[in-house]
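Report on one structure; see the data block that follows.
The values are calculated or read from the model by the stated rules, or taken from the named source; none is laboratory data. Everything quoted here is computed from the prediction, not taken from an experiment. When the accessible area is computed, the model is the full protein with side chains, heavy atoms only, and any ligands, DNA or RNA have been set aside. Shrake-Rupley method; radii C 1.70, N 1.55, O 1.52, S 1.80 Å.
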Amino acid sequence: MPTAGQLLVKEPSEKASQNHPAVISGRWAGCVSVIVPVYNEVAHVDELLKSIHASPVEKEIVIVDDCSTDGTREKLQAMPLANDVTVAFHEKNYGKGAAIRTALEYARGEYVLIQDSDLEYDPQDYPALLRPLEQHEANVVYGVRPDRPERGLRFFLGAKLLTHLTNLLYGAGIHDEATCYKVFRRSLISQIDLQCRRFEFCPEVTAKLCRIGEKIAEVPISYAPRSAGEGKKIRHADGWLAIWTLFSHRFTRRASWMKSSRMTAAPFPVSFSRVPSE
């Protein structure tokens, strides 16, 4: 497993490098679209946005509130937001994966990074996560959390199981399949037709990337886990769904989930959005 100061990078395939060029011209070249799915985080959303803004990378922020009921929605509507922030609101609660799928339709940066809203992950890790992409060493980068059961033994062992299963089924050779911090070239992720609704985003995107021959680079990240009592939302049922997702996508036809072009509308109904100008 990579440790602090180390970088484990797997060379992208020649075909992948050709299909997903590293250079994008114009305003969004070198920019990362930070995708933030939000649900019932009224106590943390201010701190989260400050933390993301403080990260030392060129970025835009795309927030999708998944029909929060605790005041998060109203807080986002009332907040004075910077011009590089997009906010969309789901009309119903669909799940984290659905929020990510909606956010992808608003993302404009050369890279896409997934950021959970619960303050477990530190945006100061963005430069390390982006470096393999910027140096053309990879098309996908995952942040690897410390290999300690500090997040709770159940979550720790569950993540270990999913990682081992991913490596067994797909030969991925990775150390943390369930990590939130996943970064992609937008030209790559936009070609994959995602079907996820909840937390199965992680196994689905990992499985499909492996099936098309992408090698996943990894870098170590910091991690401050929180408990279910503090608002952690993943449940036992999500673990079983992740296992099913890994098995099911191992045997599906790749042509059934590869997109030839981006969709022109968000996949789920959006009742209000704030989209900054170009």
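Any chance you could look up the accessible area of PHE247 with a 1.4 Å probe, heavy atoms only, rounded to 10 Å²?
90 Å²
Just by accessible area at a 1.4 angstrom probe, what is the order of ARG211, ARG145 from largest to smallest?
Values: ARG211 55, ARG145 20 Å².
Sorted descending by solvent-accessible area, the residues read ARG211, ARG145.
Please compare each pair in LYS92/LYS259; LYS59/LYS259; LYS160/LYS182; LYS75/LYS96; LYS50/LYS259; LYS50/LYS160 to a cut-off of 28 Å on the Cα-Cα distance and tell me which ones are over it. Write out the running numbers ahead of the final one.
Working: LYS92/LYS259 26 Å; LYS59/LYS259 26 Å; LYS160/LYS182 17 Å; LYS75/LYS96 19 Å; LYS50/LYS259 35 Å; LYS50/LYS160 32 Å.
Those over the limit are LYS50/LYS259; LYS50/LYS160.
Jot down the per residue volume, in cubic angstrom and as a whole number, of the convex hull over the alpha-carbon atoms of region 127-224. It would help to have the intermediate numbers written out before the result.
On the way: hull volume 10.0 nm³, N = 98.
Given the Cα convex hull of region 127-224, per-residue volume reads 102 Å³.
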